[in-house]
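Below: one structure, written as C-alpha cells.
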Amino acid sequence: MREELVALAKLAEMDNSARDNESELKQIPEHLEELRTGVQTLETMLAQEREQLTAAEQLKTEQSSELKDRAEGLQRARKKAAQAASIREADAGEREIEANRRIIKEREDELGRIGQAIEAKEASLAEREKDFEEAKSVLQSEEQSSKTRITKLEEERGKLLNGRDELIARLPETVVKRYERLRTGIRNAVIIINDGTCTACRMALPPQLTIELQRADELHQCPHCRRILIHKNVIED
Ligand SMILES: [Zn+2]
C-alpha cells in the first residue's frame, strides 16, 4: 500500500496545483452565461417599451382625430345656435356648444397627458437602448477575451496535470474512486500529517490510527472530516 499512498499523495498535490486553474475554467462560461442573460433581459424590456410607445402614439392619433371631430361639432352647434328660430332652439344650441366644449377640454387634457407619457417613454427607451448596446459590447469583448484566456488556462492545466494518468494507473480503482468522490465535496481531500493531528480539521486522531498510518498498510480517512490521511514518514521514506 505504501507505494500507492505515495502515488496518491502526488496525485493530490498535482490536483491541488491545478485547482485555481480549473475553477477559473469553470467560472468563465458561467460568467458569460450571466452576461448573455443580462443582454436578453434588456432586449425583452426594450421590445416591451417599444410596444408601449407604439400604443401611446396610436392613442394620441385616435384622440387627435376625435378632437378634430369635436371641433367641427362645435362649429356646427354654433351655427345652429346663431340660426335658432326660437328660444327653445337657441337653448338647445347652447347646450350642444357646452357639451362639445366640455369634451374638447377633456380631450385636450388627455392629449397633454399622453404627450407627457410619450416623452417620458422616449427618454427611458433611449436610456434602455444605450444600456442594451453597452451590455452587448461588454458581452462581445468578454467572449473574445475568454477565448484567449481559456486557451491559456487549458495549456497551463495540461502542463500541471502532466503525468496524472500515469499516477492514476498506479492506483487501485477503488482508491481512485474514493479520492475523486471526496474531492468533489471538500478542498484538500488528501492530508499529509506529521503528528497525531489532522491538519485539515485540527482534530486529534486516535493514537492507534496514528500508528496504523505510519505502517501504511491501508487507506485511512480522518474520523472527523473524512479526508484521506497519509503520514509524512510514508512519503518521505
Ligand atoms: Zn480531519
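Of the residues Gly93, Gly115, the single one that is assigned to a helix (DSSP H, G or I) and surrounded by 14 or more Cβ atoms within 10 Å (Cβ to Cβ) is Gly93.
Whether a residue is at pLDDT 95 or above, away from the ligand (no atom under 12 Å from the Cβ) and of a type in the set (S, T, N, Q) was assessed, and Thr151 passes this test. In the range 19-57, of all residues being under 30 Å from Ile230 (Cα atoms) and of a type in the set (S, T, N, Q), the one that is surrounded by the fewest Cβ atoms within 10 Å (Cβ to Cβ) corresponds to Ser23.
Here's the yes/no breakdown for (1) at pLDDT 95 or above; (2) surrounded by 14 or more Cβ atoms within 10 Å (Cβ to Cβ); (3) not in a strand (DSSP E or B):
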| residue | (1), (2), (3) |
| --- | --- |
| Val176 | yes, yes, yes |
| Glu180 | yes, no, yes |
| Arg183 | no, yes, yes |
| Arg187 | no, no, yes |
| Ile191 | yes, yes, no |
| Asp195 | no, no, yes |
| Glu218 | no, no, yes |
| His224 | yes, no, yes |
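For Asn16, the conditions (1) closer than 30 Å to Arg183 by Cβ; (2) exposed (fewer than 11 other Cβ atoms within 10 Å of the Cβ); (3) among the polar types (S, T, N, Q) are fulfilled apart from (2). The residues of the range 198-225 that are within 14 Å of the ligand (Cβ to nearest atom) and in contact with a helix residue (DSSP H, G or I) (Cβ under 7 Å, 6 or more places away or on another chain) amount to a single one, His220. Of the residues making up the range 203-216, just one is of a type in the set (Val, Ile, Thr) and either surrounded by 13 or more Cβ atoms within 10 Å (Cβ to Cβ) or in contact (Cβ under 8 Å) with a residue 12 or more places away in the chain (or both), namely Thr210.
Evaluating Gly185 against the criteria (1) more than 16 Å from the ligand (Cβ to nearest atom); (2) of a type in the set (Gly, Ala, Ser); (3) free of Cβ contacts under 8 Å to residues at least 60 places away in the same chain leaves one unmet condition, (1). Scanning the range 60-84 for residues that are in contact (Cβ under 8 Å) with a residue 24 or more places away in the chain and under 57 Å from the mean Cα position of the chain (by Cα) yields Lys60, Gln63, Ser64, Glu66, Leu67, Arg70, Ala71.
Name the one entry in Leu171, Leu139, Leu167 that is in a loop (DSSP other than H, G, I, E, B), more than 16 Å from the ligand (Cβ to nearest atom) and in contact (Cβ under 8 Å) with a residue 40 or more places away in the chain.
Exactly one of Leu171, Leu139, Leu167 is in a loop (DSSP other than H, G, I, E, B), more than 16 Å from the ligand (Cβ to nearest atom) and in contact (Cβ under 8 Å) with a residue 40 or more places away in the chain, namely Leu171.
The values are calculated or read from the model by the stated rules, or taken from the named source; none is laboratory data. The model shown is predicted, which means the values in this text are computed figures rather than measured ones. Here the Cβ is made from the backbone with ideal geometry for all residues, glycine too, and neighbour counts use every protein chain on show.
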